[in-house]
1. Of the conditions (1) touching a residue at least 40 places away in the same chain (Cβ under 8 Å); (2) under 12 Å from the mean Cα position of the chain (by Cα), Ile25 clears all except one; give me its number.
2. Condition (residue is of a type in the set (Phe, Trp, Tyr), touching a helix residue (DSSP H, G or I) at 6+ places or on another chain (Cβ under 9 Å) and at pLDDT 85 or above) applied to the stretch 76-87: is it met by at least one residue?
3. So how many residues does the stretch 1-58 have that are hydroxyl-bearing (Ser, Thr, Tyr) and modelled with pLDDT under 90?
4. Any residue at all in the stretch 60-70 that is within 13 Å of the chain's Cα centre (by Cα) and of a type outside the set (A, V, I, L, M)?
5. What about His9, is it under 30 Å from Phe99 (Cβ atoms), free of Cβ contacts under 8 Å to residues at least 60 places away in the same chain and not polar (S, T, N, Q)?
6. For a quick check of your reading: which strands (runs of 3 or more DSSP E) sit entirely within the stretch 1-108 and have at least 2 residues that are β-branched (Val, Ile, Thr) and surrounded by 12 or more Cβ atoms within 10 Å (Cβ to Cβ)?
Amino acid sequence: MLFERYSSHYEIGDVILFDVSVGQIPWIHRVIGSRETPGGLYEYLTKGDNNLKTDYGAYANQSRWLRGESVYGRVVAVLPQIGQFALLMDEIPFLRVLFIVLVALLYLVSKNGVQ
């Protein structure tokens, strides 16, 4: 997944990467609502595409709206199923080592091949 980091404002329909709470894996959900606070900051309401309910109340401190500073960025490209590979490497440590070795070998081959 590729994402554009930190924008001043996200639009309805944007898919964003954000922190739900400290110590949890960040979520990737679609913005379905936004509002500007009296202080000029933006807050968002999000929903997972496969979820029936919004994320209302699921944000840090049980907040009803996601604060803009919790957003890492907007998703601009996705590689389908790449997350499954990452989970598999977590479950089987040997795959992680094998992947690192393969990347290193590809780097060395490409570096030696370029004159």
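The values are calculated or read from the model by the stated rules, or taken from the named source; none is laboratory data. What you are looking at is a predicted structure, and each value in this text was computed from that prediction instead of being measured. Glycine also receives a Cβ, built like all others from the backbone with ideal geometry; neighbour counts cover every protein chain displayed.
1. Going through (1) touching a residue at least 40 places away in the same chain (Cβ under 8 Å); (2) under 12 Å from the mean Cα position of the chain (by Cα) one by one, Ile25 breaks only (1).
2. Looking through the stretch 76-87, none of the residues is of a type in the set (Phe, Trp, Tyr), touching a helix residue (DSSP H, G or I) at 6+ places or on another chain (Cβ under 9 Å) and at pLDDT 85 or above.
3. 5
4. yes
5. When the stated conditions are applied, His9 does not pass them.
6. 15-18, 27-36, 71-77
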